[in-house]
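Participant: Encoded as structure tokens, here's the structure I'll be asking about.
The values are calculated or read from the model by the stated rules, or taken from the named source; none is laboratory data. All values reported here derive from a predicted model rather than from experimental measurement. Ideal geometry is used to build each Cβ from the backbone, glycine not excepted, and the neighbour counts take in all protein chains shown. Accessible surface is based on the protein model in full, side chains and every heavy atom, while ligands, DNA and RNA are left aside. Shrake-Rupley method; radii C 1.70, N 1.55, O 1.52, S 1.80 Å.
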Amino acid sequence: TTGLSTLASSLMPSSNAYYSAPSSDYDHTVDIEAAKQLLADAGYPDGFELYMPIMAQQQPECEVIQACLLQIGIDLKLEVVELPTYLGATDTGDFDLAYQRTTPDDIANMLNYFDDRLESFERGGGICWITAG
């Protein structure tokens, strides 16, 4: 660390009026072994594979997610697709994991992803959270 930045503790930047600082006991520690143990306890001692369609401009960020998950045995298969294919997959649930950027300085845009007063098809530009019935 060079002292020129701080580790993010929120989806919101500290410059945003809606930012709330974390409590003093906020822990940034990443415990890879504990994560592997949680996977093993859940019945996945050898990890598993996930599929994630992405658009080309998302690839650098998604490769970081891919590398992080691989550390605990989750093999994230990325497929670069065109926008209509991406939206088709996310609208129909044809994915295991989806990624869509938000605009952190625009609270109205950000809240669209999390506001449970909205119907799921109105959140996040069409991405729906699907639950088993």
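Participant: Just give me the residues in the range 21-40 being at pLDDT below 95, under 21 Å from the mean Cα position of the chain (by Cα) and among the charged types (D, E, K, R), in sequence order.
Facilitator: Matches in the range 21-40: Asp27, Asp31.
Participant: Of everything in the range 44-62, what is of a type outside the set (Phe, Trp, Tyr), open to solvent by 50 Å² or more (accessible area, probe 1.4 Å) and out of contact with any strand residue (DSSP E or B) (no Cβ under 7 Å at 6 or more places or on another chain)? Give them in sequence order.
Facilitator: Scanning the range 44-62 gives Pro45, Asp46, Gln57, Pro60, Glu61.
Participant: May I ask you to verify whether Ile107 is closer than 24 Å to Ala8 by Cβ, open to solvent by less than 70 Å² (accessible area, probe 1.4 Å) and at pLDDT 90 or above?
Facilitator: For Ile107, the condition - closer than 24 Å to Ala8 by Cβ, open to solvent by less than 70 Å² (accessible area, probe 1.4 Å) and at pLDDT 90 or above - is not met.
Participant: Turning to a different aspect of this structure: Restricting attention to the range 21-40, and to residues there that are assigned to a helix (DSSP H, G or I) and hydrophobic (A, V, I, L, M, F, W, C), which single residue is farthest from Leu7 (Cα to Cα)?
Facilitator: Ala40
Participant: Among the listed residues Leu118, Leu69, Leu97, which satisfies the condition of being at pLDDT 85 or above, part of a loop (DSSP other than H, G, I, E, B) and under 28 Å from Pro13 (Cα atoms)?
Facilitator: When all the criteria are applied, what remains is Leu97.
Participant: Out of (1) at pLDDT below 90; (2) within 17 Å of the chain's Cα centre (by Cα), what's the single condition that is false for Met52?
Facilitator: Condition not satisfied by Met52: (1).
Participant: Another question about this same structure. Working only within the range 81-97, note down all residues that are open to solvent by 30 Å² or more (accessible area, probe 1.4 Å) and within 28 Å of Lys36 (Cα to Cα).
Facilitator: Within the range 81-97, Asp94, Phe95, Asp96, Leu97 meet the criteria.
Participant: Still on this model: List the number of the failed condition for Gly43; all other conditions in (1) assigned to a helix (DSSP H, G or I); (2) modelled with pLDDT of 90 or more hold.
Facilitator: It is condition (1) that Gly43 fails.
Participant: What do you reckon, is Ser24 more than 27 Å from Gln66 (Cα to Cα) and open to solvent by 70 Å² or more (accessible area, probe 1.4 Å)?
Facilitator: yes
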